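So the structure is just underneath, and the comments pick up after that.
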Amino acid sequence: MQKKEARKLYKEKRLRLSEAERSKLDDLMLIQFQTAELPFLASLLSYWPIEENNEPNTHLFTEFLRFRNPELKVCYPVSNFETTTMYAVATDIDTPFEKKNLNIYEPGSGDIVSAGDIDMVIVPLLAFDQQGYRVGYGKGFYDKWLAECRDDCIKAGFCYFDPVDHIDDHHEFDVPLDLCITPQNVYVF
């Protein structure tokens with residue numbers, strides 16, 4: 001399957017889900033995530049789910065990791081749409097978030113954390129394949145940033161749907177996931 005086709009198909013499938021269906025699927029993904037064997041994490045890059053895109057509720061997964069690792073440094077991305085780059089900003093309970101481009105909430109303040117200092121990244125996606133390659137929104141922000149992460153940084157995705165067999169047009173600079181959580185499974189790549 002081509003990225004363009006997968007992007008269109010899975011955007012439509014996600015938008016057809018009701019709020020109640022998404023809530024149930026989010027809970028099922030949290031249960032699956034709790035079974036995943038993860039090392040101790042000191043730092044995490046998460047993202048604020050875009051409600052208009054019916055994205056999975058990453059707050060559930062982030063809070064589970066914070067509960068499991070009370071000293072966890074939780075970061076969120078800040079994007080530069082002119083250069084299609086991003087950087088991670090450390091947050092705490094008092095950090096203000098502002099709605100920016102494409103309805104993305106970003107932290108209004110905080111210390112910048114380098115990609116090399118992040119232990120795990122929750123990566124947004126629309127679809128993924130059996131090899132761990134994902135289809136995002138097509139701008140390349142995350143692949144550029146993930147290329148700067150350590151090799152042992154865990155790249156995790158959450159998807160309401162099972163994987164496609166193969167994304168035919170992934171590029172050499174696409175960074176595959178290490179695991180992807182669905183309501184029924186934990187896929188490890």
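Could you figure out which of (1) in contact with a Ser or Thr (Cβ under 9 Å, 6 or more places away or on another chain); (2) more than 20 Å from L15 (Cβ to Cβ); (3) of a type outside the set (A, V, I, L, M, F, W, C); (4) part of a loop (DSSP other than H, G, I, E, B) isn't true of D152? Only one criterion is unmet by D152, namely (1). Any idea which of V89, V135, V113 is among the β-branched types (V, I, T) and crowded, with 21+ Cβ neighbours inside 10 Å? Only one candidate qualifies: V135. Scan region 25-40 and tell me whether some residue there is buried (at least 18 other Cβ atoms within 10 Å of the Cβ), within 26 Å of E148 (Cα to Cα) and among the hydrophobic types (A, V, I, L, M, F, W, C). The answer is yes, given that some residue of region 25-40 is buried (at least 18 other Cβ atoms within 10 Å of the Cβ), within 26 Å of E148 (Cα to Cα) and among the hydrophobic types (A, V, I, L, M, F, W, C).
Looking at region 22-100, the strands (runs of 3 or more DSSP E) lying wholly inside it that each contain 1 or more residues that are of a type in the set (S, T, Y) and over 16 Å from the mean Cα position of the chain (by Cα) sit at 85-91.
Each value in this text was obtained by applying a stated rule to the coordinates, not by laboratory testing. From a predicted model like this one, the values you see are computed outputs, not experimental measurements. Don't worry about glycine lacking a Cβ; one is built from the backbone with ideal geometry, like all the others, and counts go over all protein chains shown.
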